[in-house]
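Undergrad: Quick one: this structure, given as structure tokens, is what I'll be asking you about.
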Amino acid sequence: MSGQGSGQSWDHTIDWLVVGTGAGAMTSAIVAHDLGATTMLLEKGPLYGGSSAMSGGGLWVPNNHLMAGVGITDSYDDSLAYLLAVTAGSVAEKRLRAYLDQSPKMAKYLCEKTRVDLVSLPEYPDYYPNAPGSRPGGRALEPKAFHSRNLGDEFLKMRETAIQELIMGRVSMTVAEARILFCKTPGWVALMLRLMAGYWLDLPWRFRSARDRKLGMGNALVGMLRASLLDRGVPLWLDAPARELVVEGGRVVGVVAERNGRPVRVRGA
């Protein structure tokens, strides 16, 4: 729905209003804040993180700054050739080029300016290995394991990991750890024992919740981003669905959100 501004007063006015709390939404809020904008995020549900928190947390970033560290070289031209081949004309080339220009900058910014800590996966190949410009690995990035102690009380407000990404439906792991366990590569038994011991010996937390405090995959990525927002003091409202867009002069200037059962008018300048 949308409605006209009609000169009504605003309850809050900020520079950058973000509706949703997935990884992209959080990244947008962080960068806007760092550029000097006042920022706020609205989440319609009682938990933040959206589908990002339930995902594998992986990012496909060709020609990223972490590839050299795992011995894999890449280039803009090869990355473009790969994308042109696999999209087969369904995406405009200028959009592909925009992605290739900006995604490596995004990954580097997050690693250097926020709590996000990414690693390159040298054995996670491109999905179309026979396409021109493909790589056997390195373009896929994942967050390292992240401990929820960095989130304090905000931890249990995060959407939980999808059950299929947990060992026995309880113990978290990273993508790199999952490969070792599923492929039973050397050291997999020791890794399994270490992960299980870390989970069961996490006392007294184990008596409070079955949830693993060591976060992996999407929960790790969202946890890192949420901690980065907390570092910056960026407000995030839960249970605050955006019910209506407010339009002035033909452009959206804010939303009417619902909070505590009451409408709240938030202007994004």
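The values are calculated or read from the model by the stated rules, or taken from the named source; none is laboratory data. Just so you know, these numbers come straight off a predicted model, no measurement behind them. When we count neighbours, we look across all protein chains shown, and the Cβ atoms used for this are built from the backbone with ideal geometry, even at glycine. For accessibility, only protein heavy atoms count, side chains too; no ligands or nucleic acids. Shrake-Rupley method; radii C 1.70, N 1.55, O 1.52, S 1.80 Å.
Undergrad: I want to confirm something. Restricting to region 155-170 and keeping residues that are farther than 14 Å from Tyr48 by Cβ and without any contact (Cβ under 8 Å) to a residue 60 or more places away in the chain, which single residue is most open to solvent (accessible area, probe 1.4 Å)?
TA: The extreme case among them is Met168.
Undergrad: Test Ala210 against the stated conditions and say whether it is touching a Phe, Trp or Tyr at 6+ places or on another chain (Cβ under 8 Å) and more than 21 Å from His33 (Cα to Cα). First the steps, then the outcome.
TA: Details: touching a Phe, Trp or Tyr at 6+ places or on another chain (Cβ under 8 Å): no; more than 21 Å from His33 (Cα to Cα): yes.
When the stated conditions are applied, Ala210 does not pass them.
Undergrad: For region 45-54, give me each residue that is touching a strand residue (DSSP E or B) at 6+ places or on another chain (Cβ under 7 Å) and open to solvent by 20 Å² or more (accessible area, probe 1.4 Å).
TA: Leu47, the sole residue that qualifies.
Undergrad: Taking region 171-185 as the region of interest, how many residues are surrounded by 17 or more Cβ atoms within 10 Å (Cβ to Cβ) and of a type in the set (Ser, Thr, Tyr)?
TA: 2
Undergrad: Just to be sure, is Ile30 modelled with pLDDT of 95 or more and surrounded by fewer than 19 Cβ atoms within 10 Å (Cβ to Cβ)?
TA: no
Undergrad: Answer yes or no as to whether Pro186 is more than 22 Å from Lys157 (Cα to Cα), free of Cβ contacts under 8 Å to residues at least 60 places away in the same chain and in a loop (DSSP other than H, G, I, E, B).
TA: In short, yes.
Undergrad: For region 55-100, name all the residues that are under 18 Å from Pro129 (Cβ atoms), assigned to a helix (DSSP H, G or I), open to solvent by 40 Å² or more (accessible area, probe 1.4 Å) and among the aliphatic types (A, V, I, L, M).
TA: Val70, Leu84, Ala85, Val86
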